[in-house]
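Encoded as structure tokens, the structure appears first; notes follow it.
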């Protein structure tokens, strides 16, 4: 009888193709890896492509901290047309032909000249501190996801949420096609579909996304991603970022001595180094293995999530 394959543990970057849900990708990884303990950090809409961070085994415990990082995107907006979902997958709800002044201004921008209205719209978005999420979103409203209420025909208006725009640039402009391609570096919780809506409103028009590609999620980049067709157990095992390496990408590290490793594994508290400040840290043993994620509470180190030492990997 063949020996059972050990479970894989770590973080995998997958280049999600457009037309699939994030759950579809997770299911593919589960089948390829031959294990159930697989999740993802940061959902991508079906029409979107690019970086999907997938977590296997013990790494699934890192989800809250992996999802907290900034994201970077490239997107294309189609001006003059609004859809129910804010992207190309939704039904058209409104149209507003671009007026001659806007087309002329966009043509000037495409030729490298300054178009003040476009610069104003970009500046307004860069200064954004709050954003109203699209009604077709996975946000819970009274225990139910907003998009489920919208599908029943209910009107859903969500409350603004704090966001930050670290960088935003218009990379190309197609004046006669009414399309603008932008790159964005934004905080967690920022909706690029809402950007299309708000950016278009600044130009006194409508818009929806025709393309969206995530270029980066925190420290996990597109150039490190596996293509969907390359998902084999061997390829996954070779591309995995180990739990301890992934943890120190998203959290500051705290090295524990042998005595405190034992305390941490037993869920006991111990004195917190005051110079570290507050907030979660990745706790590592002398060998650099991930013991726990923990933080200070009333001056004592407290375990938030414990980790077991991963067994040796097998292909």
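No value in this document is a laboratory result; all are computed from the given coordinates. Model, not experiment: these values are computed from the prediction. For neighbour counting, all protein chains shown are included, and Cβ atoms are generated from backbone atoms with ideal geometry for every residue, glycine included.
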At R0 = 41 Å the Cβ-Cβ FRET efficiency linking residue 245 and residue 104, nearest 0.05, sits at 0.20
Helix 192-202: angle to the longest alpha-carbon principal axis of the chain, degrees 0 to 90, nearest 10? 30 degrees
Overall dimensions of region 180-248 by Cα: Rg and Dmax, Å: 16.9, 52
CD proxy, 222 nm, the chain: helix-only mean residue ellipticity via -39,500 (n - 2.57) per DSSP H run with n ≥ 4, per residue, nearest 500, stands at -7000 deg cm²/dmol
Could you calculate the contour length gain from residue 132 to residue 223, that is, 0.36 nm times the residue separation minus the distance between their Cα atoms, to one decimal place in nm? 29.6 nm
Looking at the chain only, what percent of DSSP beta bridges run antiparallel? Nearest 5 please. 90 percent
For helix 100-110, report the angle its Cα long axis makes with the longest principal axis of the Cα atoms of the chain; keep it between 0 and 90° and round to the nearest 10°. 50 degrees
What shape does the chain take by its C-alpha gyration tensor, where a ≥ b ≥ c are the square roots of the eigenvalues and a/c under 1.5 counts as rounded, a/b above b/c as prolate, and the rest as oblate? prolate
What FRET efficiency comes out for residue 298 versus residue 37 if R0 is 45 angstrom and r is the Cβ-Cβ distance? Round to the nearest 0.05. 0.85
Under Stokes-Einstein, region 71-217 at 20 °C and 1.002 mPa s, with its Kirkwood radius over C-alpha pairs, diffuses with a coefficient in µm²/s of 136 µm²/s
For region 246-298, what class follows from the C-alpha gyration tensor (a ≥ b ≥ c being the square roots of its eigenvalues): rounded when a/c is under 1.5, otherwise prolate if a/b is larger than b/c, else oblate? oblate
For region 57-121, what's the radius of gyration and Dmax over Cα atoms, in angstrom? 18.8, 57
Quick check: the angle from helix 116-126's long axis to the longest principal axis of the chain, C-alpha only, nearest 10 degrees? 20 degrees
Region 41-57 versus region 211-265: alpha-carbon centroid distance in Å: 14 Å
Highest mean first, how do 207-214, 298-305, 236-243 rank when packing is the count of other Cβ atoms within 10 Å averaged over residues? 207-214, 236-243, 298-305
Roughly speaking, what is the stretch gain from residue 202 to residue 269, that is 0.36 nm per residue apart minus the C-alpha to C-alpha distance, in nm to one decimal? 18.8 nm
